[in-house]
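Below is one structure, written out as structure tokens; comments come after it.
Derivation of every value follows stated rules applied to the coordinates shown; laboratory data play no part. These figures come from a predicted structure and were not determined experimentally. Ideal geometry is used to build each Cβ from the backbone, glycine not excepted, and the neighbour counts take in all protein chains shown.
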Amino acid sequence: MNKIGFIGLGNMGFFMSKNLAENGFLVDGFDLSENALEKMKKTKVDISKTFENVCKNKNVIITMLPNGNAVKSVWNDAIKFINNDTIMLDCSTIDINITQDLHKICKNKSIKSIDAPVSGGTMGAQKGTLTFIVGGSKKIYEEVKPLFDVMGQKSILCGEGGSGQATKLCNNLLLAVTMSGLGESLKLANSFHLNLEKFFEVISTSTGSCWALNNYFPVKNIGPISPADNEFKPGFSSKLMLKDLKLAKKGAEENNLKLDLNNYVISKYEKLIENKKGEFDFSIIIKN
Ligand code: NAD
């Protein structure tokens, strides 16, 4: 289980593949971006010159890609080159239906597949403390768990294929809403001319505390280090957050649900993107 093909070496894939390579796995990496490949040169990850090479003779292929269409196209190509017993593992956050379709395609070809989107952001990826939110069979989960144990500190099998993605979308909806709520609370605090260090100290141990505040406080030089300390460089970009919120909306509509807060944060992220801020970290929503 130690030969890994890692496809998608962006903000998350860079650290995840690096951690695997530093912990005894033989990792071949592949990305379409020259810039991403250049950064990998400083790590123990080998760069595959061709897509075919990254897929061939691997125990596991991991994809960490920006959206469902990229995952669909990469998986459909990869299954032409992989061995019979290679496991296909997607860690991107994508459409539940695409995930389920890909599991079906794999099942029909007797290929083992599993979805495991992650929570914890680039900091969690860097420190190896991600949470893997897994959908698939218990047997495949147990086979790939040693990889989760290196790249993260927790993995939870949520149910059958696709349930990892579904759980992840519920998480991101709540994250966007709490970050947006934190922005409003900060606006009020500023209007009262409050000391924001004291604001952080109080609320991080009060009933308003939440991950967005405790672990990602979006104010420069206060609380833990976060993208706010680095001009809101991602991290997790606003455009990726909008993608996830729209996936949550689509999932809700398929189940005849209207989610008012989700619709509200979607409109805020759409405005950010109109204002050319899509590449900034999602926490920049506090300024909107
Ligand atoms: P990113 O845009 O930084 O990286 C994606 C990488 O995939 C890029 O380097 C891009 O060149 C590459 N790529 C795109 N299409 C490709 C293809 N066909 N073949 C090979 N490479 C291709 O994105 P990211 O922030 O690393 O996020 C990746 C996924 O993880 C997304 O689905 C995102 O929603 C999810 N996610 C991100 C975070 C975060 O904090 N950044 C947290 C949790 C989940």
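In what sequence do Lys112, Lys145 fall when counting other Cβ within 10 Å, fewest first? Working shown, then result.
Details: Lys112 20, Lys145 15.
Exposure proxy ranking, most exposed first: Lys145, Lys112.
Which whole-Hz ³J(HN,Hα) couplings does segment 52-63 yield from phi under the Karplus relation 6.51 cos²θ - 1.76 cosθ + 1.60, θ = phi - 60°, glycine and proline marked x?
Result, ordered by residue: 4, 4, 5, 8, 6, 6, 10, 7, 9, 9, 10, 10 Hz.
Taking square-rooted eigenvalues a ≥ b ≥ c of the alpha carbon gyration tensor, is segment 190-259 rounded, prolate or oblate, where a/c under 1.5 means rounded and, failing that, a/b exceeding b/c means prolate?
Because a/c hits 1.5 or more and a/b exceeds b/c, segment 190-259 counts as prolate.
Counting Lys and Arg as +1 and Asp and Glu as -1, each charge on the Cβ, what is the dipole of the chain about the Cα centre in debye, to the nearest 20?
180 debye
Can you report the principal axis dimensions of the chain using only the alpha carbons, biggest first, rounded to whole angstrom?
Each principal axis gives a Cα extent; for the chain these are 63, 47, 34 Å.
Strictly over 27 Å apart at the Cα level, which of Lys250/Lys276; Lys3/Lys154; Lys72/Lys109; Lys220/Lys246 would you flag in this model?
Going by Cα-Cα distance, Lys220/Lys246 fall outside the 27 Å limit.
Working out 0.36 nm times the residue gap between Glu34 and Glu52, then minus their Cα-Cα distance, what length gain in nm do you get to one decimal?
Details: separation 18, 0.36 × 18 = 6.48 nm, distance 1.74 nm.
Residue separation times 0.36 nm, minus the Cα-Cα distance, leaves 4.7 nm.
Using the Kirkwood radius built from alpha carbon pairs, what does the Stokes-Einstein equation give as D for segment 3-160 at 37 °C and 0.692 mPa s, in µm² per second?
Translational D for this selection: 217 µm²/s.
Suppose we keep just the alpha-carbon trace of segment 105-221; what are its Rg and Dmax in angstrom?
18.5, 63
For Leu130, which sequence-distant residues (separation of 5 or more, or a different chain) have an amide H within less than 5 Å of its own amide H, given hydrogens modelled in the peptide plane?
Distant-sequence amide H within range of Leu130: Gly152, Gln153.
What number, in nm² with one decimal, is the all-direction average of the projected area of the convex hull of the alpha-carbon atoms of segment 166-287?
7.7 nm²
Under the Karplus relation 6.51 cos²θ - 1.76 cosθ + 1.60, θ = phi - 60°, what is the ordered set of whole-Hz ³J(HN,Hα) values for segment 92-99, x standing for Gly and Pro?
5, 9, 9, 4, 4, 5, 5, 4
Mind listing the long-range amide H neighbours of Phe6? Cut-off is under 5 Å, sequence gap 5 or more, other chains count too, H placed in the peptide plane at 1.01 Å from N.
Excluding prolines and chain starts, which carry no amide H, the hits are Asp28, Gly29, Phe30, Ile62.
Find how many whole Å separate the alpha carbon centroid of segment 187-244 from the alpha carbon centroid of segment 49-113.
One Cα centre to the other: 36 Å.
Roughly what % antiparallel, to the nearest 5, for the DSSP beta bridges in segment 3-160?
Close to 10 percent.
Among Ser209, Ser238, which comes first, second and so on when ranked by fewest other beta-carbon atoms within 10 Å?
Arranged by neighbour count, lowest to highest, Ser209, Ser238 become Ser209, Ser238.
From the phi angles alone, apply the Karplus equation (6.51, -1.76, 1.60; θ = phi - 60°) to segment 276-288 and give each ³J(HN,Hα) in whole Hz, x where the residue is Gly or Pro.
Residue by residue, segment 276-288 yields 6, 10, x, 7, 7, 4, 4, 6, 5, 4, 5, 8, 7 Hz.
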